[in-house]
Amino acid sequence: MAMASVKPSIRQFSACLGCVRRTASGNGAPRRLLSSSAAAREELQTHHPTPPPPPPPAAATSAPMKDEASSKRTPEYMQKWGDLDPNLVEWKRDERRLVRREGVQPVGSRRRRAVLRRSTMRQTEQIPFEQLPYQCFQEARKFLLEDRQEKLTEIETQTLRIKNLMAQDPAVSGGALAKEARLRSMRNHLHGLIILADINDPVVKKKFEDGQGDMNKPIYRYLADQKWRKYKRLVLEQRISQLNIVPDLLPALDPIADADLAFGRKKVSPGEFVDSAISEKMPRLSVQTFEQGEKLVTVVVVDADVPVPDKDSFTYRCHFIASNVPISPSQTSIPLQRIDQEDKKTENEAARKIAVPWLPPWAHKGAPYHRLAVFVLEQSEAKALDVLDIKKTKRNSFILRSFVDSHKLKPIGVALFRTKWDESMAGVMERAGLKDQVDVEFKRKRVEPLPYKRRTERMR
Amino acid sequence: MLLPRIFAPVRASSVNASISIVSSSRVLDAFRAANASTSPSLSFIRHATHQAQGRANGAKDGPGKRLGAKKSGGEYVIPGNIIFRQRGTAWFPGENCKFGRDHCIFATESGYVRYYRDPFKHPKRQYIGVALQKDETLPYPRNAARKRRLNMVAVERDAEPDTVEGQIVVADLQVGDGTGSETSVRATPRDKPERNLVMGKGYAYREANWQIGRAAERANVRVQEFVPGDRWAAWRKSQARKSANAERKRLRTSQKAAKPKAKKR
């Protein structure tokens, strides 16, 4: 709950907001305190023994205190914007201001926020979600709960079965391999049951749509995966095939993690052209995995179109390698700049993560565009790689296939961008120590026409 | 045309049978008898019901369109060479080839022509490709990196064209003849009629289009580049236009307001 972290003084109200609403509204306290986040109301459904409502004077005193604390950080013109609640902001302008001042995204749809805001303004009574007085709704809920109970009993039996099988002697169950295969299929079935138990829960759906889902729980991971596969992954797949990443850099690629690339605040959609001035600094990478557990990954940035005029062909260049970066479903961010700073602090060279430092993407004037691919490669069994060994890799004519094979890596995600000569490229290249390459321009080679053939008698 | 001759025997028989009125059946009998006696071969005639000559049945054999292979397998081609001419898509472009606008297949790289099938790409299609090396076969292995040619040479970079001293930059915002000087774009071509004129399409002597396009360059005038998505410039431009319109309207209304006053007097 981001809201709670921003305003710690209202945390105590989240226990029983219905009570607070009634008392506080009568008291004429600021509107912000009457608000209730969706998460808070769900807590209310689960925890029945509610603590007594806190005295309203405390609320009145806590509000100015919070304002004082925030005034130290936020400039004056931002304070004039007043209170902005992520659950209640209705106007586009207010949403923008909320993101700018508090750094919090508004929750849910604008329509819902508008409704919530109206109801708080009118001080209508808030009925808990489960007690909504619609007969059909209640019947449906009953039906879904029954189904969930069924699934829960099935989960119990399945776990018991798995436990029994694990205790069984492999000779009885037809060999160790057969036992393993059977266990795997049983676990898959169990995983499916766990998903099915929660998938019809409206609260789960709402939490997921509000972006408040806990990625450590299988149901939210499943929903996030489905959402990713419906649009973002399709686009990525298309770009991978259009830009020929798959035969050129790797023989095959099946992305299973959502990798987002951004240079500073500039987000990069797959295959976008990035200005050289923007890509001079290291990007931010956020990798969302949909599988349980922590992984160690290696991040590799490769340029697939380095021209070689002598051979009249292209080669590859490695721009960056960082190894042993931990990610998990709830820990998605890979801030390369911060990793770099931490690396500079660490004395031990083997403990550092960045093996090959960032070389800004560059292209000669007139040369065809360069495709740059940021690969997220999973290290096998989450074992750490030897950074000193990786440090020896050469930047020029870097072959990703052999790198992946030799270090037993598995590509799980990729982000793409392109670069070409632009106005700021000369400066970028100079700063990267490539001054001799600035004055090289590529021009099309003249195609020699075929020699004129006299039409002979035989040709006629 | 033939009718008079055919009916000649009938006429003769009817004449023979005097002027007496006979029943229709007897007329037919007489007709048959007369026919049989005079010409046994022409018992029945069939008229032409369908035009036989001219373009009635459609042209059966027009001029040949010279379709087919222009380059055979293994032949050396350079970019732009047409390898195959066809109606429809009997052949598809494979490696280093493209479709022309009439489905002809032409090379995009210099190399050696190959006719082949690629079941992984499409199970039923036949492809024409260009292999870069003489000993290579197509299709290339499916998961191998593509073989590509740079087709470029590295030369020393040209200096970027800077703004020349004394060059007039016509801003996007200015409406009409922005410069207001004798070097304005519109004025220049008229001042110099001695440009080499060529006969245009309308049989009139005029400057070539490329020369007209260079008028600004000759006059040392540069138009500011249009930047798509530059909302600040767009806003300024629209404001300028609006204020100009408002000014014009104000002038118009003041004129109108002035007139009735004059009449009243």
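Could you list, in their original order, any pairs among A:Lys410/A:Lys445; A:Lys227/A:Lys394; A:Lys151/A:Lys205 whose Cα atoms are separated by more than 29 Å? Mind dumping the intermediate values first?
On the way: A:Lys410/A:Lys445 40 Å; A:Lys227/A:Lys394 39 Å; A:Lys151/A:Lys205 18 Å.
Over 29 Å Cα-Cα: A:Lys410/A:Lys445; A:Lys227/A:Lys394.
Output the direction-averaged projected area (hull surface divided by four) of the convex hull of the alpha-carbon atoms of region A:224-298, in nm². Mind dumping the intermediate values first?
On the way: hull surface 24.4 nm².
The number I arrive at for region A:224-298 is 6.1 nm².
Determine which lysines satisfy two conditions relative to B:Lys121: a Cα distance under 19 Å, and not lying fewer than 8 residues away in the same chain.
Of all the lysines, those that pass the test against B:Lys121 - Cα under 19 Å, at least 8 places apart if same chain - are B:Lys98, B:Lys147.
Evaluate 2.2 N^0.38 Å with N set to the residue count of region A:241-438, then give the Cα radius of gyration divided by it.
Values: Rg = 16.2 Å, N = 198, 2.2 N^0.38 = 16.4 Å.
Normalised Cα radius of gyration, region A:241-438: 0.98.
Select from region A:203-301 those chymotrypsin sites (Phe, Trp or Tyr not before Pro) which occupy a DSSP coil region and have at most 16 other Cβ atoms within 10 Å, ordered by residue number.
Details: sites: A:Phe208, A:Tyr220, A:Tyr222, A:Trp228, A:Tyr231, A:Phe263, A:Phe273, A:Phe290; in loops: A:Tyr231, A:Phe290.
Within region A:203-301, the qualifying chymotrypsin sites (Phe, Trp or Tyr not before Pro) (loop, at most 16 other Cβ atoms within 10 Å) are A:Tyr231.
Using R₀ = 60 Å, calculate the FRET efficiency as 1/(1 + (r/R₀)^6) where r is the Cβ-Cβ separation of B:Arg55 and A:Ser397; round to 0.05.
Details: r = 68 Å, r/R0 = 1.13.
That gives a FRET efficiency of 0.30.
Could you give the nm distance between label points at A:Arg182 and B:Ser254, where each point is 7 Å from its Cα heading toward the beta carbon?
The two pseudo-label positions are separated by 10.0 nm.
In whole angstrom, and with the biggest value first, how far do the Cα coordinates of region A:149-199 range along each principal axis?
Principal-axis extents of region A:149-199 (Cα, largest first): 37, 15, 10 Å.
Mind giving me the nanometre distance, one decimal, between the label points for B:Arg241 and A:Phe137, set 7 Å out from Cα along Cα→Cβ?
For the pair B:Arg241/A:Phe137, the computed spacing is 5.1 nm.
Out of every Cα-Cα pair in region A:74-128, what percent are more than 14 Å apart?
On the way: 798 of 1485 pairs.
It works out to 54 percent of all Cα pairs.
Given the Cα-Cα distance of A:Val447 and A:Thr315 and 0.36 nm per residue of separation, how much length would full extension add, in nm?
Details: separation 132, 0.36 × 132 = 47.52 nm, distance 2.25 nm.
My answer for the length gained is 45.3 nm.
Mind pulling up the Rg/Rh value for region B:68-131? Radius of gyration and Kirkwood radius, both on Cα. Mind showing how you got there, number by number?
Numbers: Rg = 10.5 Å, Rh = 11.3 Å.
Radius of gyration relative to Kirkwood radius: 0.93.
Testing the spin-label approximation: label points 7 Å from Cα along Cα→Cβ at B:Leu67 and A:Leu160. State their distance in nm.
Distance between the two pseudo-spin positions: 7.4 nm.
Bear in mind that the values in this text are calculations on the coordinates, not laboratory data. Computed from a predicted structure; not experimentally measured. Cβ: placed from backbone, ideal geometry, glycine included. Neighbour counts: every protein chain shown.
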